[in-house]
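Inspection log for the structure reproduced underneath, given as structure tokens.
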Amino acid sequence: MVEHDALNATREAYDAVAPEYARLFSGELRNRPLDRAILGAFAELVSAGGDAAQVADLGCGPGHVTAHLRESGLAAFGVDASPAMIESARHAYPDLRFDVGSMTALDIADGVLGGVLSRWSVIHTPPAELPVILAEFHRVLAPGGHLLIGFSASDGPSHPTQVFDHTVAPAYRWWPDHLAAMLHEFGLAEVARTVRRPQPTDRRQFQEVHLLARKA
């Protein structure tokens, strides 16, 4: 029930802000060289696994990162729980595939994806429910497939998770080592990570983390 309520609340909150969100974030990667670098590494690793490998951008929002992955040569498509976000993505990128769906029960066959991108899309998941999503990531990835997951870090190892006042919906920060250990429990071994320290002008003084993991 907690997960169901959280998902519904998050969906409704993002439906309400979809046009503004698309306007604010459509060009965000232009000023994020570290994000582009880790996305580029992810794209190279997935491409090395085979030309036909598909990549799912889970929690794709207005689709700008899905489009970036496609420009990097990946067969990328987007999934988001918010119908309004998917509508925005389809409008902005009519040549790409975008589906409404939940990360807790993906409409994707077992072991068919070369890559999964989850960029700030698990942050609204109550910590007790995150294992369901990690199990889905493992299920849909092919052996040797890669996961790239982005999130905000908690304040230290004594705080595995922390709630924070996200603008749209309640959200959680994770200590990177803790989340990496959870990935390992689900057969996803960490390959690399990036940590971006906050700038003095950032509204929130959180570290931003990308974990890159591989399915055995």
Among the residues in the range 137-144, are any crowded, with 17+ Cβ neighbours inside 10 Å, touching a Lys or Arg at 6+ places or on another chain (Cβ under 8 Å) and assigned to a strand (DSSP E or B)? yes
Flag for LEU134 being open to solvent by less than 20 Å² (accessible area, probe 1.4 Å) and free of Cβ contacts under 8 Å to residues at least 60 places away in the same chain: yes
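For every residue, the table says whether it meets (1) open to solvent by less than 10 Å² (accessible area, probe 1.4 Å); (2) touching a residue at least 12 places away in the same chain (Cβ under 8 Å).
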position: LEU117; (1), (2): yes, yes
position: ILE123; (1), (2): yes, yes
position: PRO127; (1), (2): no, yes
position: VAL163; (1), (2): no, no
position: ARG173; (1), (2): no, yes
Cross-chain or 6+ apart pairs with Cβ under 7 Å, the range 64-90 first and at positive phi, then open to solvent by less than 10 Å² (accessible area, probe 1.4 Å): GLY73/ALA43
Condition test on ASP5, is it among the charged types (D, E, K, R) and either part of a loop (DSSP other than H, G, I, E, B) or open to solvent by less than 40 Å² (accessible area, probe 1.4 Å) (or both)? no
Candidate set: the range 23-33, residues that are among the hydrophobic types (A, V, I, L, M, F, W, C) and within 16 Å of the chain's Cα centre (by Cα); chosen: the one surrounded by the most Cβ atoms within 10 Å (Cβ to Cβ): LEU29
Out of the residues in the range 145-161 that are over 18 Å from the mean Cα position of the chain (by Cα) and of a type in the set (Gly, Ala, Ser), state the one that is least open to solvent (accessible area, probe 1.4 Å). GLY156
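The values are calculated or read from the model by the stated rules, or taken from the named source; none is laboratory data. Just so it is clear, the structure is predicted and the values come from calculations on it, not from any experiment. Quick reminder, even Gly has a Cβ in these numbers, built from the backbone with ideal geometry, and neighbours come from all protein chains shown. For the accessible areas, the whole protein counts, side chains as well, though only heavy atoms, and no ligand, DNA or RNA atoms are used. Shrake-Rupley method; radii C 1.70, N 1.55, O 1.52, S 1.80 Å.
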